[in-house]
1. If I ask for residues that are in a loop (DSSP other than H, G, I, E, B) and touching a residue at least 24 places away in the same chain (Cβ under 8 Å), which ones from region A:35-60 would you list?
2. Are any residues in region A:72-92 more than 10 Å from chain B (Cβ to nearest Cβ) and either within 23 Å of B:Val246 (Cα to Cα) or of a type in the set (A, V, I, L, M, F, W, C) (or both), and if so, which ones?
3. Mind listing whichever residues of region B:227-249 are surrounded by fewer than 21 Cβ atoms within 10 Å (Cβ to Cβ) and small (Gly, Ala, Ser)?
4. Do we have any residue at all in region B:111-118 that's more than 8 Å from chain A (Cβ to nearest Cβ), crowded, with 17+ Cβ neighbours inside 10 Å and not aromatic (Phe, Trp, Tyr)?
5. Count, please, the residues in region A:159-175 that happen to be touching a residue at least 24 places away in the same chain (Cβ under 8 Å) and either in contact with a His (Cβ under 7 Å, 6 or more places away or on another chain) or closer than 22 Å to B:Pro126 by Cβ (or both).
6. Look through A:Val129, A:Val159 and report the one residue that is at pLDDT 85 or above, in a helix (DSSP H, G or I) and either under 30 Å from A:Asn212 (Cα atoms) or touching an Asp or Glu at 6+ places or on another chain (Cβ under 7 Å) (or both).
7. Given (1) crowded, with 18+ Cβ neighbours inside 10 Å; (2) away from chain A (no Cβ under 12 Å); (3) over 13 Å from B:Leu154 (Cα atoms), where does B:Asp206 come up short, assuming only one miss?
8. So which of A:Val100, A:Val86 ends up being surrounded by fewer than 21 Cβ atoms within 10 Å (Cβ to Cβ), at pLDDT 90 or above, closer than 27 Å to A:Leu202 by Cβ and of a type in the set (Val, Ile, Thr)?
Amino acid sequence: MDAIFGNLDLWREGISLTLLVFFFGGLIALVLGTIIGAMRVSPVPIARAVGTLYVNLVRNTPLTLVFFFFVFGYSALALPGLSNTVLGILAIGTYTATYVAETLRAGINTVPVGQAEAARAIGLPFGQVMTQVVLPQAFRSVVPPMMSVLIALLKNTTVAAGFSITALPALQSTISNSHSRPGSPMEVLLWVAAIFVVLVMLLTWLQRSLENRWRIAR
Amino acid sequence: MTSVLYDVPGPKARRRNLLLAIVTVVVVVAVIGFVLWRFSLTNQFSAAKWNVFTYTAVWASIGEMLLNTLKAFALAAVLSLALGFVLAIGRLSDHAWVRVPVTVITEFFRAVPVLVMMMILYYGMPTLGVSMEPYWAVVLALMLYNGSVLAEALRAGIESLPRGQKEAGFAIGLRKSGVMMLILLPQAVRAMLPVIVAQLVVTMKDTALGFLITYKELLYYAKLLAAQDGRPILQAAFVIGGIYIVMCLLLSWFAGWLEKRTSRSPKVAGNVPDAPEEDPRLHPESTVTEVIAMQKGAGKFNQN
């Protein structure tokens with residue numbers, strides 16, 4: 001317990017930074033992912049090609065390498081300086097955006113074509129076909145996999161700790177490098193693991209309850 | 001071409017699509033142009049920046065590091081597949097004393113991030129008097145995480161099978177192990193092959209986390225190269241990134257090939273339509289009505 005109460009300041013910083021990276025990374029991923037996903041299902045061939053290229057390139061690159069590009073590579077371009085935290089958020093956002101895009105595309109593909117054809121046949125314009133028929137159905141089947149993407153994003157925030165961003169796992173090196181702070185590396189890391197288990201359980205519970213609330217009645 | 005989102009375009013839609021295409025091209029060219037402009041401004045294309053890649057020794061080391069990455073991936077993939085089968089079968093056990101602990105273990109290892117697991121094994125275990133090479137920390141962490149994810153995929157595959165499969169197995173006198181080995185698992189593996197391979201691609205990418213616990217693999221070498229004369233940070237990242245992308249694409253391509261091959265095997269001949277061109281199930285554009293009409297006409301013993 002000393003590992004917790006002797007380093008309360010570090011734990012507070014670590015948890016808040018992890019959540020910060022999670023929220024803003026998730027925000028960027030959702031916005032960018034929606035744009036890329038829209039490009040991948042658009043009627044414009046060149047937009048589809050660009051979306052596919054982006055997804056295939058970034059999805060097949062390890063997240064660690066994406067971080068490498070942003071955190072080390074950005075400084076080589078002599079652009080206005082950004083802190084490592086901001087660059088880390090950008091890296092994790094760009095990476096997760098590909099998963100968001102794929103989830104959205106899969107969700108739209110689950111809506112049977114006949115639904116939209118029927119809606120068009122009774123004379124609904126594009127806007128109403130979307131908002132009344134296609135999107136409500138796609139949304140329900142998107143929510144559970146989207147929560148899985150967010151859970152993966154939460155776990156991926158740990159990678160930031162390797163790039164001098166003081167997210168949770170970085171506590172281990174901070175504590176073992178200082179002589180005055182209590183706690184062995186094992187204790188600290190087990191507490192970090194415990195925090196992640198609790199956070200993931202919370203998100204899984206949220207996923208289940210949303211899934212039950214919006215279950216498709218067929 | 002028609003989809004859920006749009007119909008065959010008319011003249012007005014075609015004009016709008018052309019406009020959107022132009023906007024896309026302009027935005028993409030602007031982004032690429034901006035990046036290239038910054039690159040040339042900071043002399044990223046100069047010979048000095050790419051100099052390190054002219055040495056044979058550098059490429060030999062890259063090959064050695066690639067081998068290290070593949071070594072960790074190969075063992076982790078095999079071990080996590082084995083662990084996945086064990087955990088999946090354990091979780092479906094009829095005995096609560098097997099099922100409950102296995103469920104807890106699976107959920108725990110799925111929730112802990114791989115990097116934290118690696119750090120526990122590499123930095124944490126010495127506290128308990130067990131120290132290991134970074135290689136083993138990487139392999140074991142990947143095995144525990146991917147093993148439990150694969151276990152969940154296999155379990156979902158087994159549970160999605162029709163109940164009649166299991167009952168028929170028992171009816172012809174097979175024991176529990178026989179039903180699992182001969183009837184349920186082969187079907188579950190075939191159904192879940194895309195998920196399994198996607199998880200193997202994740203395993204391959206996650207070997208790059210080993211760099212954070214000083215395992216000498218590709219990314220570790222990229223960092224080493226980045227500190228050489230001329231600081232070729234971006235160049236090293238491009239070369240190593242290219243290698244990763246090629247490896248992952250090869251693995252995905254292999255998965256696609258494998259899927260095509262297994263679906264052509266004579267054992268599942270009953271599920272393969274006689275005239276592929278006319279089968280609406282094989283065409284993404286076909287409507288539900290067409291598929292249902294086709295299925296009604298199909299033989300009653302046809303599973304699909």
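The values are calculated or read from the model by the stated rules, or taken from the named source; none is laboratory data. Everything numeric in this text was worked out from a predicted model, so none of it was measured. Cβ coordinates were reconstructed from backbone atoms using ideal geometry, including for glycine residues, and neighbour counts include every protein chain displayed.
1. Just the residues of region A:35-60 that are in a loop (DSSP other than H, G, I, E, B), to begin with: A:41-44, A:60.
Scanning region A:35-60 gives a single hit, A:Val41.
2. First, pick out the residues of region A:72-92 that are more than 10 Å from chain B (Cβ to nearest Cβ): A:80-92.
Result: A:Leu82, A:Val86, A:Leu87, A:Ile89, A:Leu90, A:Ala91, A:Ile92.
3. Answer for region B:227-249, where residues must be surrounded by fewer than 21 Cβ atoms within 10 Å (Cβ to Cβ) and small (Gly, Ala, Ser): B:Ala227, B:Gly230, B:Gly242.
4. Of region B:111-118, the ones more than 8 Å from chain A (Cβ to nearest Cβ) are B:118.
This time we only want the ones that are crowded, with 17+ Cβ neighbours inside 10 Å, so: B:118.
Now restrict to residues that are not aromatic (Phe, Trp, Tyr): B:118.
Yes, there is a match, as at least one residue in region B:111-118 is more than 8 Å from chain A (Cβ to nearest Cβ), crowded, with 17+ Cβ neighbours inside 10 Å and not aromatic (Phe, Trp, Tyr).
5. Filtering region A:159-175 down to residues touching a residue at least 24 places away in the same chain (Cβ under 8 Å) leaves A:159-160, A:162-168, A:170-171, A:174-175.
Okay, now just the ones that are also either in contact with a His (Cβ under 7 Å, 6 or more places away or on another chain) or closer than 22 Å to B:Pro126 by Cβ (or both), so A:162, A:168, A:170-171, A:174-175.
Going through region A:159-175 one residue at a time, the tally reaches 6.
6. Values: A:Val159 fails: either under 30 Å from A:Asn212 (Cα atoms) or touching an Asp or Glu at 6+ places or on another chain (Cβ under 7 Å) (or both).
Going through A:Val129, A:Val159 in turn, just one is at pLDDT 85 or above, in a helix (DSSP H, G or I) and either under 30 Å from A:Asn212 (Cα atoms) or touching an Asp or Glu at 6+ places or on another chain (Cβ under 7 Å) (or both): A:Val129.
7. So the condition that B:Asp206 fails would be (2).
8. Values: A:Val100 fails: surrounded by fewer than 21 Cβ atoms within 10 Å (Cβ to Cβ).
Going through A:Val100, A:Val86 in turn, the sole match is A:Val86.
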